[in-house]
Amino acid sequence: MEKERNYTLKIWRQPNAQSKGAFKTYEVKNISTGSSFLEMLDILNEEISEKGEDPVHFDHDCREGICGMCSLFINGRPHGPEEEITVCQLHMRTFANGTTITIEPWRAKAFPVIKDLIVDRTAFDRIIQAGGFVSINTGGVPDANAIPIAKHDAELAMDAAACIGCGACVAACKNASAMLFVSAKVSQLALLPQGQAERKKRALAMVEQMDEEGFGACTNTGACSAECPKGIDLSNIARMNRDYFTAAIS
Amino acid sequence: MSLDSKIPEGPLAEKWTKHKFNLKLVNPSNKRKYDIIVVGTGLAGGAAAASFGELGYNVKAFCYQDSPRRAHSIAAQGGINAAKNYQNDGDSVFRLFYDTIKGGDYRSREANVYRLAEVSNNIIDQCVAQGVPFAREYGGLLDNRSFGGAQVSRTFYARGQTGQQLLLGAYSALSRQIAAGKVTMFTRNEMLDVVIIDGKARGIITRNLVTGKIESHSAHAVVLATGGYGNVFFLSTNAMGCNGSAVWRAYKKGAFFGNPCFTQIHPTCIPVHGDQQSKLTLMSESLRNDGRVWVPKEVTVAEKLRKRQIKPSDISEEERDYYLERIYPSFGNLVPRDVASRNAKNVCDEGKGVGETGLAVYLDFRDAIKRDGIEVIKAKYGNLFQMYEKITAENPYETPMMIYPAVHYTMGGLWVDYNLQTTIPGLFAAGECNFSDHGANRLGASALMQGLADGYFVIPYTIGNYLAGIPNARVSTDHPAFAEAEKEIKDRINTLLNIKGTKTVDHFHKELGKIMWEKCGMSRDEKRLKEAKVEIKKLRDEYWKDVKVLGVNEELNMTLEKALRVADFMELGELMVEDALDRKESCGGHFREESQTEEGEAKRDDVNFTYVSAWEFKGDDKPAALHKEELVFENVKLTQRSYK
Ligand SMILES: Cc1cc2nc3c(=O)[nH]c(=O)nc-3n(C[C@H](O)[C@H](O)[C@H](O)COP(=O)(O)OP(=O)(O)OC[C@H]3O[C@@H](n4cnc5c(N)ncnc54)[C@H](O)[C@@H]3O)c2cc1C
Ligand code: FES
């Protein structure tokens, strides 16, 4: 296996939200197979900066697959070709020498492009603000062990809580629906005793906010879960739907 | 100016309770007349902002990411300590206090650490009530594990994502206050300066990272909760955006900097793969419970391994040096972080390192798999092994992991008194960005505890005391102090953009990192520290002549953001070196080669160095002034750590 590789990159460039974007082609050389995808972009940016061209802007922070900041649509898939992985954990050994790689931002009406590959995902924050919490203040809560929770339920709640809020589910969905994201939070709290008091109200309020933000409808294609870097399960959507419909008719 | 730590009188166990009673209160209906700025919304800032909002204050909160949910607290894997004693194994507030003081090598304040241990239990209650899905036992109660060499099981965890779950808990509380209109959240905003009026912190200047707009915000008090500054070293386990700028700007405005040289180097990180590396990934410390650390005994064998002429499995038992087990028979692979890190460096310096670069040691699970079976190991470490394989393309079930130490945490930070107030009235610091609680070395699972203790249970009380003592009249951002601070920043930005030099910002950052790592890293001595001082100064001069920052201010410009941060890192690096030079003893994570025992272990010098260094800014290119806060120990006896 060669240790260094060359690639052709087709990257979406868009100076700001107002302007129209377009693909631009770059060549990168001598990329170590041990480099991550984002390190490959760092190298490109060093090179084009040296030539005086504005570097390619992309979101990233932790670079260990947990903050949910990185968000690239690579060769037609959110976070690229590997399963259950964010783009910051993707390594260049995955891409054969000499191939062309297409890199785009998340595309969704509710996620407008800010610059190049960076989109505005604050809609997700507003959905959480609509009800993704338990209404308690700091202090005056019962002892932690006063609320026993069956291990099985705690594990299911943790499965749902593992969502990193990256938005890959929206990017993967042909309708740009946010159902997987919303249902993960609704489910986490619905599975726990702490979440019961506001259970119905929460499902209604969060779904309503989701619609208001302009996310599309869910048509059960399952693309969201298939592309989710944390493997959030589709059963969360079913659970939320049940809560939502019982709340809506009661 | 003299340092007043404001430690309350009275017996240790009663100090905090008494202090809370003595603190002045702001009447509930008056709270809405006070505005508080919180910079940083990780565990410390998120918890503080939410709690302030619940109390009725008006809060403006800031972070540089696109959402508060992404602060680097999210990356903590292992867990959070609390003195619940749910396991009935002899834990108590006093034991947690004692372990933390001892672990910090007796360079922290008794009163602060005791309070931390005391409120630790409230944190767990709070997080469970928020719906944080901690691990549970079959009976439905909370599960614990032991962590970082502690002799009791007091660590609460949520799989390998404890930091994420705690942060999302704080984020949900914060979101509720945003919805209630009590907190206004400014994301993608970077604080570039604090504004001082009549000797008090009255606001901040920020740059909107999307539009480049420089903006003024005023308040009655400012809380910094901006995390650690480990990225001075370029490579660290911190996130790419973690920076020291907020604390550095506060320092330059008069806040003292405490123990800047105290850095924690974590022994189990994935080794550097080459020059293209941008950051380092931590592997949980829990791996040392079952993995055995070794290198080959002979340099020639190590050479063959580096060239891949042989495999680790080709090396017989006699040819292996399980050096931690050999040197520290009673603690073995579980010695504290600093000891494990330093020994890894030593064997690599002797030429016995493995991996392509020779800067790695093995962490081998062969014997554990033989003993317990592969399924048991998988159940314990499956997700970590998988993560390792994703990054390195090697399977740790079949071949030993390779690890190397990396910069992980900064114990140093803004000097604060018992109320978490800096030396600037009205300016507070919480979480990793202050110096309190961890002394010269932080124990595993204690940073999450400290961040949430500060944010939920300490600062909401102490800030009230401050606010109750000042008039509630608001200052307008039309005050000339704001215009002046804005102008200073705009000038700095323009200067950077107009240098139009030949070298990239990253180039300088990497150079700085190299100097810091080699000369102010895991082991330090006077000669190299003095060299580092000269080299950083030279690099800094070159930076301001030859850096290349493209683009303009009035747009999303990540090069400019970095350029501002790296400029501050260079100055901060210099202060770290200065502090390391002053502290001629070895303690915790600070190892001075001149101060070691005959066996090469760290030797503390309690007679001369039982103090906190608090540095005061005296002007650019003037040496900083050192103030010493003597530490007084009334409840524990100072002993030399021994892990033999
Ligand atoms: C990989 C890793 C694993 C860890 N594991 C553990 C563990 O298992 N247990 C444990 O106890 N500790 C652990 N730690 C340490 C612990 O996670 C941190 O010390 C702690 O979370 C820091 O919290 P914080 O709130 O102080 O800062 P952070 O969470 O870093 O938050 C900083 C905030 O400040 C903002 N900010 C920074 N600069 C600016 C600026 N200039 N302007 C505006 N906003 C700014 C950021 O946007 C962010 O919101 C780990 C650390 C790392 C890196
Ligand atoms: S950068 Fe944090 S998840 Fe990728």
- Message: For the protein assembly as shown, give me the percentage of DSSP beta bridges that are antiparallel, rounded to the nearest 5 percent.
- Response: 70
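What is the mean number of Cβ atoms from other protein chains located within 10 Å of the Cβ atom of each residue in peptide B:208-216, rounded to a whole number? Show your work: numbers first, answer last.
On the way: counts 0, 1, 6, 1, 0, 0, 0, 0, 0.
Average per residue, whole number: 1.
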- Query: What is the pair-distance distribution P(r) of chain B, computed from all Cα-Cα distances in 10 Å bins starting at 0, with each bin given as a whole percent?
  - Reply: 3, 16, 27, 27, 18, 7, 1, 0
- Query: Which aspartates and glutamates, on any chain, are close to A:Lys230 with Cα under 13 Å apart, when same-chain ones fewer than 8 places away are left out?
  - Reply: A:Glu64, A:Glu82, A:Glu83, A:Glu84, A:Asp159
- Item | Dimensions in Å of segment B:157-289 - Rg and Dmax from alpha carbons | 18.2, 54
- Give a residue-ordered list of calculated ³J(HN,Hα) values for segment A:217-230 (Karplus: 6.51 cos²θ - 1.76 cosθ + 1.60, θ = phi - 60°; whole Hz; x for Gly, Pro). 7, 8, 10, 6, 7, x, 4, 4, 5, 4, 9, 5, x, 10
- Message: Quick check of the Kirkwood formula: for the protein assembly as shown, what is the inverse mean of 1/r over all pairs of different Cα atoms, in Å?
- Response: 27.8
- Item | Degrees separating the helix B:526-546 axis from the principal Cα axis of chain B, which is the longest one | 60
- For segment A:192-209, Karplus-derived ³J(HN,Hα) couplings (6.51, -1.76, 1.60; θ = phi - 60°; whole Hz; x for glycine and proline) come out as 10, x, 4, x, 5, 4, 10, 3, 6, 4, 4, 4, 4, 5, 6, 5, 4, 5
- Return the long-range amide H neighbours of B:Val223 (sequence gap of 5 or more, or a different chain), with a cut-off of under 5 Å between placed amide H atoms. B:Ile37, B:Val38, B:Val39, B:Phe428
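Hey, any idea what the orientation-averaged projected area of the convex hull of segment B:266-407's Cα atoms comes to, in nm²? Walk me through the intermediate numbers first.
On the way: hull surface 32.6 nm².
For the Cα atoms of segment B:266-407, the hull's average projected area reads 8.1 nm².
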- Task: Give me the angle, in degrees from 0 to 90, between the Cα long axis of helix B:459-468 and the longest principal axis of the Cα atoms of chain B, rounded to the nearest 10.
- Result: 20
- Query: Name the residues of segment A:112-135 whose accessible area, probed at 1.4 Å, falls by at least 40 Å² once all protein chains are in place instead of their chain on its own?
  - Reply: A:Ile114, A:Lys115, A:Asp125, A:Ile128, A:Gln129, A:Phe133
- Query: For the protein assembly as shown, with only Lys/Arg (+1) and Asp/Glu (-1) charged at the beta-carbon, what is the dipole magnitude about the Cα centre, in debye rounded to 20?
  - Reply: 1340
- Working note, segment B:355-398: Cα radius of gyration (Å, one decimal) and Dmax (Å, whole number) are 11.4, 32
- To the nearest Å², the heavy-atom accessible area per residue of segment B:480-610 with 1.4 Å probe amounts to 42
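How do A:112-120, B:634-642 rank on mean C-beta neighbours within 10 Å, highest first? Intermediate results must be reported in sequence, preceding the final value.
Working: A:112-120: 21.6, B:634-642: 12.1.
Answer by packing, highest mean first, reads A:112-120, B:634-642.
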- Run a plain Debye calculation on segment A:4-104 (Cα atoms as equal point scatterers, no solvent) and give log10 I(q)/I(0) at q = 0.12, 0.13, 0.22, 0.24 Å⁻¹, rounded to two decimals, same order as the q list. -0.37, -0.44, -1.31, -1.52
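Over all directions, how big on average is the projection of the convex hull of the alpha-carbon atoms in segment B:1-140, in square nanometres?
Orientation-averaged projected area of the Cα hull: 12.4 nm².
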- Item | Bins of 10 Å, starting at 0 and running to the largest distance - Cα pair percent for segment A:121-249 | 13, 45, 32, 9, 1
- Item | Under the Karplus curve 6.51 cos²θ - 1.76 cosθ + 1.60, θ = phi - 60°, whole-Hz ³J(HN,Hα) for segment A:93-102, x wherever Gly or Pro sits | 5, 5, 9, 5, 4, x, 7, 9, 10, 9
- Query: Can you pull the percent of the protein assembly as shown's accessible area that's carbon plus sulfur, 1.4 Å probe, other chains left in place?
  - Reply: 51
- Item | Euclidean distance between Cα centres, segment B:391-429 to segment B:283-333, Å | 26
- Dipole magnitude of chain B, debye to nearest 20 (Cβ charges: Lys/Arg +1, Asp/Glu -1, about Cα centre): 1140
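So how strong a dipole does chain A carry about its Cα centre when Lys and Arg Cβ are +1 and Asp and Glu Cβ are -1, to the nearest 20 debye? All intermediate terms of the calculation are to be shown ahead of the outcome.
Working: 26 positive and 32 negative charges, 137 e Å.
Dipole size: approximately 660 debye.
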- Roughly how tilted is helix B:110-130, in degrees to the nearest 10 and between 0 and 90, from the longest Cα axis of chain B? 90
- Message: In Å and on Cα atoms, what radius of gyration and Dmax does segment A:79-142 show?
- Response: 18.8, 61
- Set of aspartates and glutamates with alpha-carbon distance to B:Lys530 below 13 Å, sequence-local pairs under 8 removed: B:Glu518, B:Glu574, B:Glu578, B:Asp579, B:Asp582
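Nearest 100 Å² is fine: how much accessible area is buried between A and B, summed over both sides, with a 1.4 Å probe? Present the calculation step by step, with values, prior to reporting the outcome.
On the way: alone 12610 and 25360 Å², together 31770 Å².
Accessible area lost upon association: around 6200 Å².
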- Where only protein heavy atoms count, and the probe is 1.4 Å, what is the accessible area per residue for segment A:190-250 in Å²? 50
- Message: What is the distance in Å between the Cα centroid of segment B:99-140 and that of segment B:477-526?
- Response: 36
- Given the pairs B:Lys514/B:Lys538; A:Lys3/B:Lys304; B:Lys603/B:Lys628; A:Lys185/B:Lys390; B:Lys533/B:Lys622, which are separated by over 22 angstrom at their Cα positions? A:Lys185/B:Lys390
- Query: Which residue, chosen from B:Val128, B:Pro336, B:Asn88, occupies the Cα position most advanced towards the positive end of the dipole of chain B, where the dipole is computed from +1 (Lys, Arg) and -1 (Asp, Glu) charges on Cβ about the Cα centre?
  - Reply: B:Val128
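Please state the shape class of segment B:205-281: rounded when a/c is under 1.5, otherwise prolate if a/b exceeds b/c and oblate if not, all from the C-alpha gyration tensor. Mind showing how you got there, number by number?
Working: a/c = 3.14, a/b = 1.63, b/c = 1.93.
Cα axes put segment B:205-281 in the oblate bin.
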- For segment B:534-644, evaluate the Debye formula with one uniform point scatterer on each Cα (no solvent term) and list log10 I(q)/I(0) at q = 0.10, 0.12, 0.23 Å⁻¹, rounded to two decimals. -0.49, -0.64, -1.28
- Task: Sort out for me the Cα centre separation of segment B:334-350 from segment B:36-60, rounded to whole Å.
- Result: 40
- Item | Protection proxy ranking of B:203-212, B:68-77 - average other beta-carbon atoms within 10 Å, highest first | B:68-77, B:203-212
- Can you give the mean number of other chain Cβ atoms that lie within 10 Å of the Cβ atoms in peptide A:49-60? 4
- Spelling it out for B:Arg136: with amide H atoms placed in the peptide plane at 1.01 Å from N, the residues 5 or more places away or on another chain with amide H under 5 Å from its amide H are B:Asp143
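Can you check how the C-alpha radius of gyration of segment B:502-555 compares to 2.2 N^0.38 Å, as a plain ratio?
Working: Rg = 13.7 Å, N = 54, 2.2 N^0.38 = 10.0 Å.
That works out to 1.37 for segment B:502-555.
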- Sort the following peptides by mean Cβ neighbour count (other Cβ atoms within 10 Å, averaged over residues), highest first: A:237-250, B:159-172. B:159-172, A:237-250
- B:Phe262 long-range amide H proximity, modeled H, under 5 Å: B:Gly412
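The values are calculated or read from the model by the stated rules, or taken from the named source; none is laboratory data. From a predicted model like this one, the values you see are computed outputs, not experimental measurements. Here the Cβ is made from the backbone with ideal geometry for all residues, glycine too, and neighbour counts use every protein chain on show. Accessible surface areas use protein heavy atoms only, side chains included; no ligands, DNA or RNA. Shrake-Rupley method; radii C 1.70, N 1.55, O 1.52, S 1.80 Å.
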